[in-house]
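Remarks on the structure that follows.
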C-alpha cells in the first residue's frame with residue numbers, strides 16, 4: 001500500500017477517535033461532572049494516539065511536516081462535518097463549504113512542487 005494512502009487511512013481513523021474524544025461527551029455525558037467526561041475523553045484519545053503517531057511516522061517518510069499538518073487539517077474537517085451533521089445533529093452551514101475551499105487552497109499551495 002502506498003505510504004500516502006496508509007498515512008491517510010490511519011489519520012482518518014485517528015480523527016474519528018479524536019472527534020469523539022473532543023466532542024462526543026457533549027452529547028453522551030452532558031449530565032455528568034466535567035471530570036468524568038475528561039477521563040472518558042482521555043480513554044478515547046489513547047486510541048487516537050495509537051493511530052496518529054504511527055500515521056505521522058509513516059507519512060514523514062515521503063511528506064514534510066507542513067504537508068502532514070495540512071493533510072491532518074483536511075481530514076479533520078472531512079471527519080468533523082459528517083460528525084456534526086449526523087451524530088450531533090447540527091444544521092448544515094454554507095460556512096463548511098467555504099472552509100473546505102480554503103483547505104483545498106492550502107493543500108494546493110503546500111503540495112505543489
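Each reported figure results from applying straightforward, stated rules to the coordinates on display, with no laboratory input. Computed from a predicted structure; not experimentally measured. No Cβ is skipped: glycine too gets one built from the backbone with ideal geometry, and neighbour counts run over all protein chains shown.
A few comments on the model shown:
- Crossing angle, helix 3-19 versus the chain [Cα axis fit, 0-90 degrees, rounded to tens]: 20 degrees
- Cα-based Rg / Dmax (Å) for the chain: 15.5, 51
- Distance in nm between pseudo-label sites at residue 109 and residue 29 (7 Å out along the Cβ direction from Cα): 3.8 nm
- Between 0 and 90°, nearest 10: helix 94-111 axis offset from the chain longest Cα axis: 40 degrees
- Taking every DSSP helix (H) stretch of at least 4 residues in the chain, weighting each as -39,500 (n - 2.57) and dividing the sum by the residue count yields a mean residue ellipticity at 222 nm of -24500 deg cm²/dmol.
- Convex hull of alpha carbon positions in the range 12-56: directionally averaged projected area 2.8 nm².
- Seen against the Cα atoms of the chain and their longest principal axis, helix 34-59 is set at about 10 degrees.
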